[in-house]
Amino acid sequence: MLWRWVSLTTLVALGAADIARACPFCEGVKTTLSMEAESYDEIVLARLADRPRDAGKSDVPTARFEVFAVLKGAEILPGGQASRQPFSVEAILVANAKLGTPFLLRGTRDAGRGLVEWSVPIELNDRGVEYVRRLATLPAKGPERLAFILPYLDDDNDVLSTDAYAEFALAPYADLRPLREKLDPDALLGKAMDQNNSSRLRRLYLTMLGVCGNEKHARAIEALFAGPTDRPRQEVDAAVAAFLAIRRETGLPIVEETFLANAKADPGEVAAVVAAIRFHGDDAKLMSRVPLAASLRQSLHSPESAERVIGDLARWEDWSALPRLVELFVSAGETQSFVRQQILQYLDACPLPEAKAQFARLEKLEPQLAARVRSGALGAPDVPTVVGAAPVPPPALDAAPVPPPSADATTPPDPRNQPRATALDGNSQRSAWRTAIVVVCLILGFAILWLGLRGKKPGLHASTE
């Protein structure tokens with residue numbers, strides 16, 4: 001019971017982190033300036049006062065900076081008083097900047113030596129100074145924060161535009177939707193179509209367009225993923241998600257015809273479409289899971305395409321796929337053991353009596369694999385069974401004859417009475433490692449929280465001249 005509780009808790013946390021972002025299709029984002037600020041003791045804004053000088057052959061060049069604002073750690077000031085500004089600090093500087101250029105300096109206090117070790121300063125401009133100062137006064141998350149950051153997505157300063165992108169990419173999706181009235185759908189469409197913008201930016205613009213766009217924009221988005229092209233499509237996931245956010249259920253037939261039911265569709269693009277539908281079923285909540293699951297079932301035309309969606313169908317408790325999955329299991333060869341494993345896990349998770357009967361029939365073809373599924377030896381589920389989703393019962397299934405097992409097949413002892421997982425694991429061979437890692441991270445997080453409660457550091461604040 002304890003193992004199941006830990007697995008469920010950690011996987012719910014992991015699933016929420018993966019799904020609830022404002023731009024789940026944005027890539028390459030780990031931290032923001034505000035997140036990084038938590039690991040520093042001192043954060044100041046300072047202007048370059050003296051050019052870098054080489055203190056010796058073994059030393060890197062250092063420069064003197066005149067501090068004009070303390071954002072965190074006011075005790076570094078002489079006498080510990082913010083009123084003693086300005087004052088100077090020295091830090092490594094490898095950039096060729098003009099005197100008076102503002103920089104963001106972040107440092108770690110070395111209590112033993114009584115000094116601050118400064119990281120490499122980040123060059124800013126006056127607009128960047130205002131950006132960093134305001135971040136220190138805004139709520140840690142929410143629409144108000146995103147509304148302030150929005151204009152900086154297109155800033156000429158790479159530091160600001162990169163941080164603004166990271167803030168949006170990591171924010172909860174629920175925080176993006178209240179910005180509808182502040183977004184310009186025509187401008188977003190133009191930016192999403194502009195090949196001069198990076199793929200990750202176009203994904204973000206498409207996600208935002210799904211929040212504020214109308215039918216005109218839906219037709220333009222459709223051309224991105226369904227129209228002819230002479231180049232690989234890189235934003236299919238975000239484009240389909242935005243298209244469905246505008247069209248809702250009426251857009252699903254186009255997606256099915258173009259990708260899910262199309263045996264000739266590019267496998268990478270189909271995987272991107274599945275991710276878009278998963279986003280709508282798990283987080284966007286703009287439409288019922290019933291039509292979304294019906295669309296995913298269009299991918300059950302072959303074992304290769306089916307393995308992308310079986311996990312989602314089980315997690316959404318769509319048991320109407322049961323007859324087709326049994327057919328796929330029988331037709332799949334022994335070399336396609338992975339999809340057979342998924343089907344057995346689907347049947348194992350299904351509460352219907354028909355599923356139990358079919359499991360008993362199919363385990364004659366894969367006795368050892370069936371035993372591992374029953375025992376839970378294939379690992380913890382990637383995501384928990386979703387509570388509250390209305391199950392879709394399957395139609396009556398006429399039992400098809402199952403070929404007898406090979407002569408050398410050995411039926412293992414029936415482990416039905418052993419504890420086992422109750423949900424489908426789409427990537428079960430990797431999930432055990434993922435679960436262990438998440439559990440360790442949670443334990444470390446609780447330890448850090450406990451230590452933090454014993455001795456709190458000063459928080460991020462704004463202090464100016």
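With θ set to phi - 60°, apply the Karplus curve 6.51 cos²θ - 1.76 cosθ + 1.60 along the stretch 276-288 and write out the HN-Hα couplings as whole Hz, x wherever there is a Gly or Pro.
Couplings: 5, 5, 4, 4, 5, x, 9, 10, 4, 6, 8, 8, 5 Hz.
Given the pairs K30/K216; K285/K364; K98/K191; K30/K72, which span a C-alpha to C-alpha distance of over 29 angstrom in this model? Could the numbers behind the result be given before it?
Values: K30/K216 34 Å; K285/K364 40 Å; K98/K191 33 Å; K30/K72 22 Å.
Pairs exceeding 29 Å: K30/K216; K285/K364; K98/K191.
At E90 and V120, where each label point lies 7 Å from the Cα along Cα→Cβ, what is the point-to-point distance in nanometres?
Label at E90, label at V120, 2.1 nm between them.
I need the phi-derived Karplus couplings for the stretch 300-311: 6.51 cos²θ - 1.76 cosθ + 1.60, θ = phi - 60°, integer Hz, Gly and Pro marked x.
Rounded to whole hertz, the list is 8, 7, 8, x, 5, 7, 5, 5, 6, 10, 4, x.
Using only the alpha carbons of the stretch 190-268, what is the convex hull's orientation-averaged projected area in square nanometres?
Value for the stretch 190-268: 5.1 nm².
So what are the ³J(HN,Hα) numbers for the stretch 246-262, from phi and the Karplus equation (6.51, -1.76, 1.60; θ = phi - 60°), rounded to whole Hz, Gly and Pro as x?
Computed from phi, the couplings for the stretch 246-262 are 8, 7, 6, 4, 5, x, 5, x, 5, 5, 5, 5, 6, 10, 5, 9, 9 Hz.
Length gain on complete extension for the stretch V290 to E36, per 0.36 nm per residue less the alpha carbon to alpha carbon distance?
Details: separation 254, 0.36 × 254 = 91.44 nm, distance 4.13 nm.
Result for the pair: 87.3 nm of gain on full extension.
Which cross-chain or sequence-distant (5 or more) residues have an amide H under 5 Å from the amide H of D50, H modelled 1.01 Å from N in plane?
R64
Sum up the charges of everything whose Cβ sits under 12 Å from the Cβ of P102, counting Lys and Arg as +1 and Asp and Glu as -1, but leave P102 out. Provide the component values of the computation, followed by the final result.
Working: positive: R47, K98, R127, R133; negative: E66, E123, D126, E130.
Around P102, the charge tally is 0.
Values in this text are rule-based calculations from the coordinates and carry no lab data. Keep in mind it's a predicted model, so treat the numbers as computed, not measured. Because the Cβ atoms are built from the backbone with ideal geometry, glycine has one as well, and the counts that use them run over all protein chains shown.
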